[in-house]
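Visitor: One structure coming up, written as structure tokens, with questions to follow.
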Amino acid sequence: MASIRIPHVATEVLSSREQAVLEATVRAYVSLGTPVGSATLLRREGFDLSPATIRKHLAVLEEKGYLRQPHTSAGRVPTDEGYRAYVREIGEFGGVSPSEAVALRRQVEGAFGDGRADEIHGQLAEVIGDVSSLLGLVLAPSFEQGVFEGLELVGLTRRRLLLVATIRRGPVKSLVIEVESTVSRRDMASIARLLNERLAGLTMDEIRSTVRKRMQSASVKNPQLLRVVVDEIEALATATGDDLHVAGTRNIFVQPEFRDSLEIAGLMDLVERKDDLAHLLSDRQGVVVTIGTENEPREMHLCSMVTASYAVGGGGGVLGVIGPTRMPYERLVALLNYAATRAPELVS
């Protein structure tokens, strides 16, 4: 079975029967949203066990830290560790049946065909948010391994320039630069020529880590312009909030776990800090699930994040969802894996 990356936490070993009861409890709680007792498990799972035996297993799982009891007279709900133990068993491609997988793919493809968003990364985030009923995230590809071929500087106004950078196995990137004083065409041509001579043929990752050292000995008539252009080139291979697309915010507000206005305010504040969120996503390669308190920052301690990365050209992007820890993990893993296989074709 292929594995999902989740942080390793030392846990008590479960017997096969305890694991089965735990998985049944997680499924029931995700579906129902209410504490789960022995009667519910017998009715939903058809265990060949007595109610007393199931209650005993539930008590042991609580003692080991996999379940908790919100109230004395209530059933049990999974802890963060209970969810982790569940996720470890579902595999990298999710635990949905073949028929569920087909239905999921049809739902995704139908959404792509709606034409609801002109910009493809925004559309991907919208599709993921709609199909998951959670917060959908798409971090557009960064091109660390793309090879820098050259740049051109074009004057727009007296203090605004257009920088156009060509990256082999990646996109042509353009951005507007604000400068403090008027720049001559000769200065623009001189600095573009200098940068092209010293940087062409390097990967964007190499440029990001060495460009300042490579420019230390440079002698130009307009050092302020050189500093500004170097800053922009250095940032080209770095994930920023501009690369992050978020959709489905409304889905978070209807989750019963987020009825507390302070909790939802903290999460929404994080979503608005797109640079921070983009940085969190950029380090997640493969299929990654982080649950509850293993998430940073603190605003996500009531949440889980499920992500899948994809490669296109010389770079890679990340697709993901954020929602309460009570989420259908196997379905989300299957959704994101499928979307990740489609993403390279869509964004190429």
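Every number in this text was worked out from the coordinates using simple rules, so none of it is lab data. Owing to the predicted nature of the structure, the values given are computational and were not obtained by experimental measurement. Neighbour counts run over all protein chains shown; Cβ positions are idealised from the backbone, glycine included.
Visitor: Quick one: grab Rg to one decimal and Dmax as a whole number for the chain, Cα atoms only, in Å.
Guide: When restricted to Cα atoms, the chain yields Rg and Dmax of 24.9, 86 Å.
Visitor: Net charge around E294, counting only other residues with Cβ within less than 11 Å of its Cβ (Lys, Arg = +1; Asp, Glu = -1)?
Guide: Numbers: positive: R84; negative: D80, E81, E296.
Taking every other residue near E294 into account, the sum is -2.
Visitor: What are the lysines whose alpha-carbon lies under 26 Å from the alpha-carbon of K56, with same-chain residues fewer than 8 places away excluded?
Guide: Reachable lysines: K64.
Visitor: Can you give the local net charge around A59? Use residues other than it whose beta-carbon is closer than 15 angstrom to its beta-carbon, Lys and Arg +1, Asp and Glu -1. It would help to have the intermediate numbers written out before the result.
Guide: Numbers: positive: R17, R55, K56, K64, R68, R76; negative: E12, E18, E62, E63.
Net charge around A59: +2.
Visitor: Same structure again: Please list 132-143, 284-295 highest first by mean number of surrounding beta-carbon atoms within 10 Å per residue. It would help to have the intermediate numbers written out before the result.
Guide: Working: 132-143: 25.1, 284-295: 18.8.
By packing density, highest mean first, the sequence is 132-143, 284-295.
Visitor: So what is the diffusion coefficient of region 147-236 in µm² per second by Stokes-Einstein at 37 °C and 0.692 mPa s, using a Kirkwood Rh over Cα pairs? List each step's numbers first, then the result.
Guide: Working: Rh = 13.1 Å.
In µm²/s, the coefficient rounds to 251.
Visitor: Place the peptides 53-63, 78-88 in order of packing, highest mean first, counting for every residue the other Cβ atoms within 10 Å and averaging per peptide. Walk me through the intermediate numbers first.
Guide: Working: 53-63: 17.6, 78-88: 21.9.
Sorting 53-63, 78-88 by mean packing, highest first, produces 78-88, 53-63.
Visitor: More than 21 angstrom separation, counting every C-alpha pair in region 251-348; what % is that?
Guide: Details: 1687 of 4753 pairs.
Distances greater than 21 Å cover 35 percent of the Cα pairs.
Visitor: What whole-number volume per residue, in cubic angstrom, does the convex hull of the C-alpha atoms of region 16-87 give? Please report the intermediate quantities before stating the final value.
Guide: Working: hull volume 5.8 nm³, N = 72.
Taking the convex hull of the Cα positions in region 16-87, it is 81 Å³ per residue.
Visitor: Related question: In degrees from 0 to 90, rounded to the nearest 10, what is the angle of the helix 98-112 Cα long axis to the longest principal axis of the chain?
Guide: Here the helix axis deviates by roughly 40 degrees.
Visitor: Let me ask something additional. So what's the net charge close to S184: Lys and Arg +1, Asp and Glu -1, counting the other residues with Cβ under 11 Å from its Cβ? Spell out each step's value before the answer.
Guide: Working: positive: R158, R185, R186, K221; negative: D187.
Taking every other residue near S184 into account, the sum is +3.
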